[in-house]
Amino acid sequence: MPGLGGDFYRLLIVSEPENSKNDEGSLAGVTVAGSLQEVMEAPPTVYELVGGQSFFDDLVNRFYDAVEADPVLRPLYPGDLRPSRARLAGFLGQYWGGPPLYSQTRGHPRLRLRHMPFAIGWAEREAWMRHMTAALDAARVANGSGRRLPTEIRALMFDYFDNAATFLVNRGD
Ligand code: HEM
């Protein structure tokens, strides 16, 4: 997970797939790293700073509404975009420090492998980034304040998407 720099410690919530057969009532697959004191004193994760899962749900809904109307990207995606929305939102919440919702249903992300069936050239990458950038610009912190994303968090997310999108290009144009 990326950090905000310098003295930024993180409350680590990690999934334990090999230990998933927990008794009912236990915290399935979730452990908190560090002593209780460390956890209590840890600065918040990006996930917490943006207001939790509903931030990522809104971001992904904006993004997929644009994909739905995009002639370059729409043909790559399945007819029903609801499962795709849930997968991307779960993945992003988990990536930025939230509970491992994605891995609980999908296992290890293996994003490059999972994108191989789709022809992703530079045109697809640019269309994807255009919609995600617009979604980031429109995004509001999900804490009722109506505020835009703080500049450092927007920059962290933009850089992450920009690098990941390049990494997922799997065809020459
Ligand atoms: C570069 C342009 C990209 C294109 C054209 C693209 C396209 C797709 C398509 C067609 C799917 C299948 C829809 C589904 O079943 O969910 C998919 C899934 C997914 N994409 Fe992308 N994607 C791109 C970049 C990214 C980036 C940058 C990320 C993450 C930062 C990402 C994360 C995901 C995730 C988490 C899934 C669901 C994987 C699964 O569990 O099956 N994608 N993408």
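A few points about this structure:
- Working ranking of peptides 75-82, 108-115, 124-131 by packing, defined as the average number of other Cβ atoms within 10 Å per residue, highest first, is 124-131, 108-115, 75-82.
- Sorted peptide list for 95-104, 147-156, criterion being average Cβ within 10 angstrom, highest first: 95-104, 147-156
None of the figures in this text is laboratory data; all of them are computed from the coordinates on show. Please read these numbers as outputs of a predicted model, since none were measured by experiment. For neighbour counting, all protein chains shown are included, and Cβ atoms are generated from backbone atoms with ideal geometry for every residue, glycine included.
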